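The values are calculated or read from the model by the stated rules, or taken from the named source; none is laboratory data. Keep in mind it's a predicted model, so treat the numbers as computed, not measured. FYI the Cβ positions are ideal-geometry reconstructions off the backbone, even for glycines, and counts take in every protein chain you see.
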Amino acid sequence: MTRIFISKDMASVALGADQVADAFRQADCEVVRTGSRGLFTIEPLVEVETSSGRVAYGPVGPEDVAKVLDGSHPNCIGRIEEHPFFSGQQRFTFARCGVIDPLSISDYAENGGWKGLEAAYALSPQQVVDAVKASGLRGRGGAGFPTGIKWQTVLDTEADEKFIVCNADEGDSGTFADRMLMEGDPFHLIEGMAIAGHAVGARHGYIYIRSEYTFAVKTMREAIARSAGKIAPFTLEVRVGAGSYVCGEETSLLESIEGKRGEVRAKPPLPAIEGLWGQPTVINNVLSLSAVPFILSEGPQAYADVGFGRSRGTMPIQIAGNVKNGGLYEIGFGVTLGELVSQIGGGTASGRPVRAVQVGGPLGAYFPPSMFHLPFDYEAFAEAGGLIGHAGITVFDDTVDMAKMARFAMEFCAAESCGKCTPCRIGSTRGTELIDRIVAKAPRTADMLETLPQMRNARTIARTHDEEIELLRDLCDTMKHGSLCALGGFTPYPVLSALDHFPEDFGSTPALTEAAE
Amino acid sequence: MPQRGRKEKSAMTDIAAIQTLIDGAVHRDARGALLPLLHELQEEFGYIDPAAVPLIASALNLSRAEVHGVISFYPELRTEAPARHVIKLCRAESCQARGGAAIEAAMAQHLGVAMGHARKDGQVALEPVYCLGLCAIGPNALVDGRPVARIDGEAVTRISAEVEA
Ligand SMILES: Cc1cc2nc3c(=O)[nH]c(=O)nc-3n(C[C@H](O)[C@H](O)[C@H](O)COP(=O)(O)O)c2cc1C
Ligand code: SF4
Ligand code: FES
């Protein structure tokens, strides 16, 4: 019986992979459902096992079965590893994703699984923390905080009980790496969490997954059940979010697990000292925890050898939006934005010129193609007025209206604000109104009160366009410095970058920024 | 998920069934039982009956305000029966970059319902969602929980017909 590999990743299923799998089953093939390889233009992707390895075809529909089986299908790719989208990647974290049956514990073990955990068990907790420090691993959830230092704090804090919490809330638009890993290689995350548990002395862990990720929730729960014996006495459970973006913020996430409203806590105390139920808690992104097995099995140096500046190791970058070759591209830091968008991504899907890319989700900055020389590196992006965040890149073509995108950023902040601080809760709504007025070229005029004769010092003439823009900048400044967390604090990134790089969309003259380039 | 609203009638305050779920949750989760319990109630009945609030409060030793506060905080939790079909259309940036706004307008027009609302006849609701993690193949939606990608004009017609049936 011919063995066929077809992804059951949510994206592949959305593109019809289930129907393709059914068609192959009806043709008496043995169908193994895997995770996704990560390039969606070739999904649904079918790989046929042959004596000389797997041969890939994609995209393939249910009507293509015969042609795939006799090898005559025009969308034959050959060995997937040799496809240009994959040949340049450095898959440390996603090595198994798309290759194995995600829920087969024997597949996992045969393909290098559990090696990191076994290496960790042979070391003392401090040695494991030292290895993570030496690797240079920084948090992949957004802030880029050194993971080893976070673990050290938890290890050093005395407590009867400690927790490992995995942040799988992945709310950023343009990101899907956490989802793909949980669906395509769930034991890998479990292994990373078990290593963290050993390193800091925690016995229990939570994986907080957003409710939109129904496939990932199911796969993770099943994988936890199947691997319980392997990671004992460490135990794990999944908790499901409920549609709130701000619950991705670590303290808000802890509140949510505790069964409360997802309101952000003031720091200090750090979660590493007083986290879940007041106990020391490691909270890390899926990708941070999933980088750890490699660091333990191959050694921290092997990880640190790859990268750029103070950004060590690889980053599973997600290329999304209006792009031809969208998908997951894992590579060492240092690759430029231009390489990612133009060469690897192949430019826009619409065929029109790229006008802007947003990096790092809804709180990330918009960059014009003139900044495509930027290397993928935490510091380089920060200097350029942006952030890497969870490494999602959203590509826009020249039909995008950047004032609209700036308005959307404010609107999103208003919708998702937890309400704890004023600059975020109120400022975002005022920001939306302000951008509306700027775009409509209807600056604010004096209101009824201001025109009363008693209000002698009130201004009675309308603001100018420039004054409205100035006010928007001022508002962004207040949000940036006066917000408790990065939702209110970083919403200015997309707004100001849109304003700086695309002033013409706000009705201003583009001269200044162009001259600066 | 796909069977949203399947038991909408049974929730004509099926207090006993609600209480059973509550007891189960208290028994199962020693800590942080509230959110999993609310999910469970919603999955079972399609929504969280406000009549459940005092029962939950007393079982978990919380105030009613705390329980209500949690329910109202999370966009996913609802206190009214959902429409028979729910389309959750992604409104986030990557889907916008792929023409999401036009699809949203077409969908609203086809279904005869504004974004964020349920149609008066209870047949269908169009709800916003901010990213489904399918960002390279948008515009995307969950149609009664089933992921649908690359929605174009034709797909709008197809989905509309599907939810009218
Ligand atoms: C509004 C907001 C949303 C966030 N969403 C996420 C998220 O979805 N996933 C994530 O890993 N981190 C998210 N973060 C970052 C977390 O607060 C935190 O930095 C991260 O979980 C730490 O893990 P790391 O060190 O492994 O990156 C968010 C932060 C903010 C302010
Ligand atoms: S910035 Fe916004 S989301 Fe963050 S704590 Fe303040 S109100 Fe809440
Ligand atoms: S932005 Fe629509 S699925 Fe991510």
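Against the numbered list (1) buried (at least 19 other Cβ atoms within 10 Å of the Cβ); (2) under 29 Å from B:Ala125 (Cα atoms); (3) of a type outside the set (Phe, Trp, Tyr); (4) at the interface with another protein chain (Cβ under 10 Å from one of its Cβ atoms), B:Ala33 comes up short only at (2). For A:Gly345, the test of being under 27 Å from A:Leu45 (Cα atoms) and either surrounded by fewer than 21 Cβ atoms within 10 Å (Cβ to Cβ) or touching a Cys at 6+ places or on another chain (Cβ under 9 Å) (or both) is failed. Condition (residue is without any contact (Cβ under 8 Å) to a residue 40 or more places away in the chain, among the basic types (Lys, Arg) and either under 25 Å from A:Gly307 (Cα atoms) or out of contact with any helix residue (DSSP H, G or I) (no Cβ under 6 Å at 6 or more places or on another chain) (or both)) applied to region A:45-64: is it met by at least one residue? No - not one qualifying residue is present in region A:45-64. Within the span defined as region A:197-208, one or more residues are more than 11 Å from ligand 1 (Cβ to nearest atom) and within 11 Å of another protein chain (Cβ to nearest Cβ).
Within region A:285-307, residues that are surrounded by fewer than 24 Cβ atoms within 10 Å (Cβ to Cβ) sit with their Cβ atoms under 9 Å from residues that are of a type in the set (Asp, Glu) and part of a loop (DSSP other than H, G, I, E, B), at 6+ positions apart or across chains, in these pairs: A:Gly307/A:Asp377.
Please name all residue pairs, on different chains or six or more residues apart, with Cβ atoms under 6 Å, provided the first residue is in region B:88-104 and is closer than 10 Å to B:Leu132 by Cα and free of Cβ contacts under 8 Å to residues at least 60 places away in the same chain and the second residue is of a type in the set (Asp, Glu) and outside any helix (DSSP H, G or I). Between residues of region B:88-104 that are closer than 10 Å to B:Leu132 by Cα and free of Cβ contacts under 8 Å to residues at least 60 places away in the same chain and residues that are of a type in the set (Asp, Glu) and outside any helix (DSSP H, G or I), the close pairs are B:Lys88/B:Glu127. The test for being more than 14 Å from every other protein chain (Cβ to nearest Cβ) and surrounded by fewer than 20 Cβ atoms within 10 Å (Cβ to Cβ) holds for B:Ala114. Set side by side, the residues A:Gly16, A:Gly35, A:Gly58 differ, and just one is at pLDDT below 95 and either among the aromatic types (Phe, Trp, Tyr) or within 29 Å of the chain's Cα centre (by Cα) (or both), which is A:Gly58. Of all the listed residues (A:Phe396, A:Phe408), the sole one being in a helix (DSSP H, G or I) and within 16 Å of ligand 3 (Cβ to nearest atom) is A:Phe408.
Of everything in region B:52-99 that is among the polar types (S, T, N, Q) and under 16 Å from the mean Cα position of the chain (by Cα), the residue that is nearest to the other protein chains (Cβ to nearest Cβ) is B:Ser72. Consider region A:152-177 and keep the residues that are more than 14 Å from chain B (Cβ to nearest Cβ) and touching a Gly at 6+ places or on another chain (Cβ under 9 Å). The one that is nearest to A:Tyr366 (Cα to Cα) is A:Asn167. Within region B:128-152, track down each residue that is more than 7 Å from every other protein chain (Cβ to nearest Cβ) and within 13 Å of A:Tyr213 (Cβ to Cβ). Matches in region B:128-152: B:Leu142 only. Those helices (runs of 4 or more DSSP H) of region A:437-517 in which at least 2 residues are out of contact with any Phe, Trp or Tyr (no Cβ under 8 Å at 6 or more places or on another chain), more than 18 Å from A:Tyr366 (Cα to Cα) and of a type in the set (D, E, K, R), considering only elements entirely within it, cover A:465-482. Restricting A:Ala384, A:Ala409, A:Ala391 to residues that are within 14 Å of another protein chain (Cβ to nearest Cβ), away from ligand 2 (no atom under 16 Å from the Cβ), within 23 Å of A:Asn285 (Cβ to Cβ) and among the aliphatic types (A, V, I, L, M) narrows the list to A:Ala391. Apart from one condition, B:Ala102 fits all of (1) away from ligand 3 (no atom under 16 Å from the Cβ); (2) within 13 Å of chain A (Cβ to nearest Cβ); (3) more than 21 Å from A:Ala216 (Cβ to Cβ); the exception is (1).
Just so you know, in region A:2-32 the residues that are charged (D, E, K, R) and under 23 Å from B:Val143 (Cα atoms) include one that is surrounded by the fewest Cβ atoms within 10 Å (Cβ to Cβ), and it is A:Asp22.
Scanning for something away from ligand 3 (no atom under 16 Å from the Cβ), in contact with a helix residue (DSSP H, G or I) (Cβ under 8 Å, 6 or more places away or on another chain), more than 28 Å from A:Met405 (Cβ to Cβ) and at pLDDT below 95, does region A:287-297 turn up at least one residue? No, region A:287-297 contains no residue that is away from ligand 3 (no atom under 16 Å from the Cβ), in contact with a helix residue (DSSP H, G or I) (Cβ under 8 Å, 6 or more places away or on another chain), more than 28 Å from A:Met405 (Cβ to Cβ) and at pLDDT below 95. For region A:41-52, indicate whether the set of residues that are touching a strand residue (DSSP E or B) at 6+ places or on another chain (Cβ under 7 Å), surrounded by 22 or more Cβ atoms within 10 Å (Cβ to Cβ) and at positive phi is non-empty. Looking through region A:41-52, none of the residues is touching a strand residue (DSSP E or B) at 6+ places or on another chain (Cβ under 7 Å), surrounded by 22 or more Cβ atoms within 10 Å (Cβ to Cβ) and at positive phi.
Any residue at all in region A:242-261 that is away from ligand 1 (no atom under 16 Å from the Cβ), of a type in the set (Phe, Trp, Tyr) and under 21 Å from the mean Cα position of the chain (by Cα)? Checking region A:242-261: not a single residue is away from ligand 1 (no atom under 16 Å from the Cβ), of a type in the set (Phe, Trp, Tyr) and under 21 Å from the mean Cα position of the chain (by Cα). Each residue in region A:248-273 was checked for being at the interface with chain B (Cβ under 10 Å from one of its Cβ atoms), in contact (Cβ under 8 Å) with a residue 40 or more places away in the chain and away from ligand 2 (no atom under 15 Å from the Cβ), and 1 of them qualify. May I ask you to verify whether A:Gly243 is on the phi > 0 side of the Ramachandran plot, within 16 Å of ligand 2 (Cβ to nearest atom) and within 14 Å of another protein chain (Cβ to nearest Cβ)? Judged against the criteria, A:Gly243 is a match.
Residues that are within 14 Å of chain B (Cβ to nearest Cβ), buried (at least 21 other Cβ atoms within 10 Å of the Cβ) and either within 14 Å of ligand 1 (Cβ to nearest atom) or not in a strand (DSSP E or B) (or both) within region A:308-324 comprise A:Pro316, A:Gln318, A:Asn322, A:Val323, listed in sequence order. Looking only at residues in region A:143-169 that are more than 26 Å from A:Ala242 (Cα to Cα) and among the aromatic types (Phe, Trp, Tyr), the one that is surrounded by the most Cβ atoms within 10 Å (Cβ to Cβ) is A:Trp151. On the stretch given as region A:414-450, residues that are more than 14 Å from chain B (Cβ to nearest Cβ) and within 16 Å of ligand 1 (Cβ to nearest atom) total 5.
Applying the set (1) within 16 Å of ligand 2 (Cβ to nearest atom); (2) within 14 Å of chain B (Cβ to nearest Cβ); (3) surrounded by 24 or more Cβ atoms within 10 Å (Cβ to Cβ) to A:Met180 leaves exactly one unmet item: (1).
The set of residues in region A:356-381 being of a type outside the set (S, T, N, Q) and within 10 Å of chain B (Cβ to nearest Cβ) consists of A:Ala356, A:Val357, A:Gly361, A:Pro362, A:Gly364, A:Tyr366.
Inspect all residues belonging to region A:476-495 and state whether any of them is away from ligand 1 (no atom under 16 Å from the Cβ), surrounded by fewer than 21 Cβ atoms within 10 Å (Cβ to Cβ) and either at pLDDT 95 or above or within 14 Å of chain B (Cβ to nearest Cβ) (or both). Yes, some residue in region A:476-495 is away from ligand 1 (no atom under 16 Å from the Cβ), surrounded by fewer than 21 Cβ atoms within 10 Å (Cβ to Cβ) and either at pLDDT 95 or above or within 14 Å of chain B (Cβ to nearest Cβ) (or both).
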